[in-house]
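A.B. asks: Structure below; questions to follow.
The values are calculated or read from the model by the stated rules, or taken from the named source; none is laboratory data. The shown structure was predicted, so the numbers you read here are calculated from the model rather than taken from an experiment. Backbone-built Cβ (ideal geometry, glycine too); neighbour counts: all protein chains shown.
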Amino acid sequence: MKSITITAKVKLYPTSEQMIILNKTLSVIRDVLNFVSAFVFGQEGIRYLELNHVLYYPVRQQFGLRSQMTQSVFKTVLAKYKSMKSNGHPFSKVSFRNFEYDLVWNRDYSISGQSISLNTLSGRLHIPFELKGMEHWFRSGGHFGTAKLIRKNRKYYLHIPVTLEVESMNILNHIVGIDLGVNHLAVSFDEEGNTRFFSGRA
């Protein structure tokens, strides 16, 4: 057995009232991401525990974020700076322009029947969703990771990583190639140099 992780792109169908709440939440989250990013830029090398100690209460009081949302913002910002460093880019201020929001499984989001429950600034929203061909992977009893809520072209998607246990493929020790031709119906050959010709005649 081995683990594989696939990402299910789930389309959400919020009501007009829910869209207003989602838009407000995504807008505030983006503001907080940039606020925290500016602080991290001025404190190069700061770690999560330090960041959480300094900004946790100020962020919650100033922006009205819930506890888990605040901690998710800290992790998102630090992950961006870490990625920039690991890719060899010079240290510079990270700006967040897109409307995105990371949600922790069973804390910020959960699934019940045909709806997804999302944590927002106004509490939980239960929103219908569509999987579009990902049903098998999505309902195979895998482990759900931190999802990303995205607004794009006035549509809403939740990208959910699902980790599954699958059977390991047996290692192939014998490889055979088959070439379909004109003079012969087929020619087969393997890695040991064995060749067979198939004329196609009875």
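A.B. asks: Across region 16-59, what is the number of residues that are under 21 Å from Q114 (Cβ atoms) and touching a strand residue (DSSP E or B) at 6+ places or on another chain (Cβ under 8 Å)?
C.D. replies: Selection size over region 16-59: 4.
A.B. asks: Considering S16, S117, S86, S110, which residue is surrounded by fewer than 17 Cβ atoms within 10 Å (Cβ to Cβ), free of Cβ contacts under 8 Å to residues at least 12 places away in the same chain and either of a type in the set (V, I, T) or in contact with a His (Cβ under 7 Å, 6 or more places away or on another chain) (or both)?
C.D. replies: Testing whether each residue is surrounded by fewer than 17 Cβ atoms within 10 Å (Cβ to Cβ), free of Cβ contacts under 8 Å to residues at least 12 places away in the same chain and either of a type in the set (V, I, T) or in contact with a His (Cβ under 7 Å, 6 or more places away or on another chain) (or both) leaves just S117.
Condition check ((1) of a type outside the set (S, T, Y); (2) surrounded by fewer than 16 Cβ atoms within 10 Å (Cβ to Cβ)) across all residues:
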| residue | (1), (2) |
| --- | --- |
| I20 | yes, yes |
| K24 | yes, yes |
| G45 | yes, yes |
| E50 | yes, yes |
| S72 | no, no |
| K82 | yes, yes |
| V94 | yes, no |
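A.B. asks: Might you check whether a residue that is within 29 Å of G142 (Cβ to Cβ), outside any helix (DSSP H, G or I) and of a type outside the set (S, T, N, Q) occurs anywhere in region 31-48?
C.D. replies: no
A.B. asks: Among the candidates K9, K24, single out the residue that is assigned to a strand (DSSP E or B), charged (D, E, K, R) and in the same structural domain as K75 (by TED's automatic domain parsing).
C.D. replies: Step by step, each of K9, K24 is checked, and only K9 is assigned to a strand (DSSP E or B), charged (D, E, K, R) and in the same structural domain as K75 (by TED's automatic domain parsing).
A.B. asks: Separate question: Go through the residues of region 51-65 one by one and say whether even a single one is part of a helix (DSSP H, G or I) and among the hydroxyl-bearing types (S, T, Y).
C.D. replies: yes
A.B. asks: Here's something else I'd like to know. Which residues, counting only those in region 57-80, are within 16 Å of R107 (Cβ to Cβ) and hydroxyl-bearing (S, T, Y)?
C.D. replies: S67, T70, S72, T76
A.B. asks: Return yes when T25 is modelled with pLDDT under 95 and either within 16 Å of Y157 (Cα to Cα) or under 25 Å from the mean Cα position of the chain (by Cα) (or both) and no when it is not.
C.D. replies: For T25, the condition - modelled with pLDDT under 95 and either within 16 Å of Y157 (Cα to Cα) or under 25 Å from the mean Cα position of the chain (by Cα) (or both) - is not met.
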